[in-house]
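**Q** Can you keep this structure in mind? I'll have questions shortly.
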Amino acid sequence: MAERFYYGGQAVVEGVMMRGQDTCVTAVRRTDGKIIVESQVLPKIYKGKMRKTPFVRGIIVLLESMVLGIQSIIRSANLALEEENEEISGWMLWLMVAGSIAFAVVLFFLTPLFITKLFNIESSLLFNLVDGLIRIAILVVYLGLMGFLPELKKVFSYHGAEHKTVNAYENGVPMETEDVKKFSTAHVRCGTSFTFTVLIIAVLVFSLVGIHQTWLMVLSRIVLIPVISSISYEAIYFSGRHTNNWLVKILSKPGLLLQSLTTREPDEAKLEVAIAALRKVIETEQPELVTWKVEKEKPTEETSETASKTATDSL
């Protein structure tokens, strides 16, 4: 039997995106009940040697997740609304990525820094502990508030469906709704857990930097983000491959608990969409693992393959 690839994905508008070794698949349920499944070939930058190089791959995966994530969200919205809008341009895509990074830096790194500076703490360790606690508090409040938005509640349900489907696959369970729905909505490699890990690693890294003039501390918060992200990715990477390790279970628990804010229990309709996305990836990349009947046409499902389409023309 072929070695199982660690698939992952994210929730999008009315659906789920699954990322494989060479393929990215987006499955969306339209208002008429049909499931639209669209696949695209990933650019070489997402599959090269650098993506497998420890500490370097963390930066690549972070950018990849943002680029593919934004693309998938925009594309899924068009599919759900049955619109054929023009593809987003490369410069606009990177502008959106830059804007997302800037927002995250200001909210989760600079805001806690300026709040902590008000306490006039002299100890570097204590300063960064307080800074870290404020950072985590902001994250929890931010995620909690997002959960009150009606549209995001649906996205969080699809997020839960994505996790259940990946959990089922990694446990060797058939890709059927009745089997998949038994699994947890939490997953150790989730982006929520990654974000939490980044905030924790930041405490350790910034403690080594020490307390300096404000402008230097602001600069360090920006310059060291790639370093922190790389270390955090390696921690998540290790955790995902040693889920039965007792220490990993303990260290992963806070991130898994935090996922209760970003996931909801999905209904069967949402599970069907997530399963359709992962099935398509497996059918494309590892057909020897297929245990279900592959049908070219279904009355409730349409498939649109864009094999020659890359994730972005600018890469």
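The values are calculated or read from the model by the stated rules, or taken from the named source; none is laboratory data. Note that this is a predicted model, so its numbers are computed, not measured. With ideal geometry, Cβ positions are generated from the backbone for all residues, glycine too; neighbour counts draw on all protein chains shown.
**Q** Check whether at least one residue in the range 64-79 is free of Cβ contacts under 8 Å to residues at least 12 places away in the same chain and assigned to a loop (DSSP other than H, G, I, E, B), and report yes or no. Walk me through it before giving the result.
**A** In the first step, residues of the range 64-79 are kept if they are free of Cβ contacts under 8 Å to residues at least 12 places away in the same chain; the result is 78.
Subset that is assigned to a loop (DSSP other than H, G, I, E, B): none.
No, that holds for no residue.
**Q** Hey, another quick one. Can you tell me which of (1) at pLDDT below 95; (2) loosely packed, with under 13 Cβ neighbours inside 10 Å; (3) of a type in the set (Phe, Trp, Tyr) is the one Phe103 doesn't meet?
**A** The one condition Phe103 does not meet is (1).
**Q** What pairs come out if I take residues in the range 104-131 that are closer than 16 Å to Ile201 by Cβ and without any contact (Cβ under 8 Å) to a residue 24 or more places away in the chain and pair them with residues that are assigned to a helix (DSSP H, G or I) and of a type outside the set (Ser, Thr, Tyr) whose C-beta lies under 9 Å away, six or more apart or interchain?
**A** Within 9 Å, the pairs are Ala104/Ile225.
**Q** Pairs needed: first member in the range 259-279, surrounded by 23 or more Cβ atoms within 10 Å (Cβ to Cβ) and basic (Lys, Arg); second member anywhere, modelled with pLDDT of 95 or more and assigned to a helix (DSSP H, G or I); C-beta distance under 6 Å; at least 6 residues apart or different chains.
**A** That search, which allows pairs on different chains as well, returns Lys270/Ser157; Lys270/Tyr158; Lys270/Ala161.
**Q** May I pose another question? Give the range 233-255 a look and list any residue that's more than 23 Å from Arg57 (Cα to Cα) and in a helix (DSSP H, G or I), or say none. Can you show your working first?
**A** Our first condition is that a residue be more than 23 Å from Arg57 (Cα to Cα); within the range 233-255, this holds for 244-247, 249-250, 253-254.
Listed by number, the residues that qualify are Trp246, Leu247, Lys249, Ile250, Lys253, Pro254.
**Q** Something else now. Yes or no: the range 192-206 includes at least one residue that is surrounded by 13 or more Cβ atoms within 10 Å (Cβ to Cβ), in contact with an Asp or Glu (Cβ under 9 Å, 6 or more places away or on another chain), farther than 19 Å from Gly58 by Cβ and of a type outside the set (D, E, K, R).
**A** The first filter runs over the range 192-206 and keeps only residues surrounded by 13 or more Cβ atoms within 10 Å (Cβ to Cβ), leaving 192-206.
Cutting the leftovers down to in contact with an Asp or Glu (Cβ under 9 Å, 6 or more places away or on another chain) gives us 202-203, 206.
Checking the rest, the ones that are also farther than 19 Å from Gly58 by Cβ come to none.
No, the range 192-206 has no match at all.
**Q** Tell me yes or no: at least one residue of the range 79-93 is farther than 20 Å from Gly8 by Cβ, surrounded by 16 or more Cβ atoms within 10 Å (Cβ to Cβ), at pLDDT 80 or above and not aromatic (Phe, Trp, Tyr).
**A** Our first condition is that a residue be farther than 20 Å from Gly8 by Cβ; within the range 79-93, this holds for 79-93.
With the extra rule that they be surrounded by 16 or more Cβ atoms within 10 Å (Cβ to Cβ), the set shrinks to 79-80, 88, 93.
Those still in the list that are at pLDDT 80 or above too: 79-80.
From what is left, the residues that are not aromatic (Phe, Trp, Tyr) are 79-80.
Checked against the condition, which is being farther than 20 Å from Gly8 by Cβ, surrounded by 16 or more Cβ atoms within 10 Å (Cβ to Cβ), at pLDDT 80 or above and not aromatic (Phe, Trp, Tyr), the range 79-93 yields at least one hit.
**Q** Just checking, how many residues over the range 210-232 are touching a residue at least 40 places away in the same chain (Cβ under 8 Å), over 18 Å from the mean Cα position of the chain (by Cα) and either closer than 24 Å to Arg57 by Cα or part of a loop (DSSP other than H, G, I, E, B) (or both)?
**A** 4
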